[in-house]
Amino acid sequence: MKNENNVKAWDHAIGIVQVEGIKPSQEFLELAEKEKRGELTNDDIRKVLVKKYTVNGEPVHA
């Protein structure tokens, strides 16, 4: 049941973002799919994203 709720939550969140006109990157969608399958945790995804969007220990702001 937990995995089913997790899949629905990811699908819902990605859908909301797309409705706003934002296209999630392929890398992000792949991370979400891995988390849905149980290959990654939310914490794993957070670590990947923090590392990607951090330069010299400072967050990168768009």
Inset, instruction - Output the qualifying pairs, or none if there are none: Cβ atoms under 7 angstrom, residues six or more apart or on different chains, first residue in segment 28-39 and within 17 Å of K51 (Cα to Cα), second residue assigned to a helix (DSSP H, G or I) and of a type in the set (A, V, I, L, M). - result: L31/I45; L31/V48; A32/I14
Legend entry - Answer residue from segment 15-62, given it is open to solvent by less than 60 Å² (accessible area, probe 1.4 Å) and polar (S, T, N, Q) and is modelled with the highest pLDDT among those: S25
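The values are calculated or read from the model by the stated rules, or taken from the named source; none is laboratory data. Note that the structure is predicted; figures quoted are calculated from it, not measured. Note that we place each Cβ from the backbone using ideal geometry, even for glycine, and neighbour counts take in every protein chain shown. Surface areas here come from the heavy atoms of the whole protein model, side chains and all, with no ligands, DNA or RNA. Shrake-Rupley method; radii C 1.70, N 1.55, O 1.52, S 1.80 Å.
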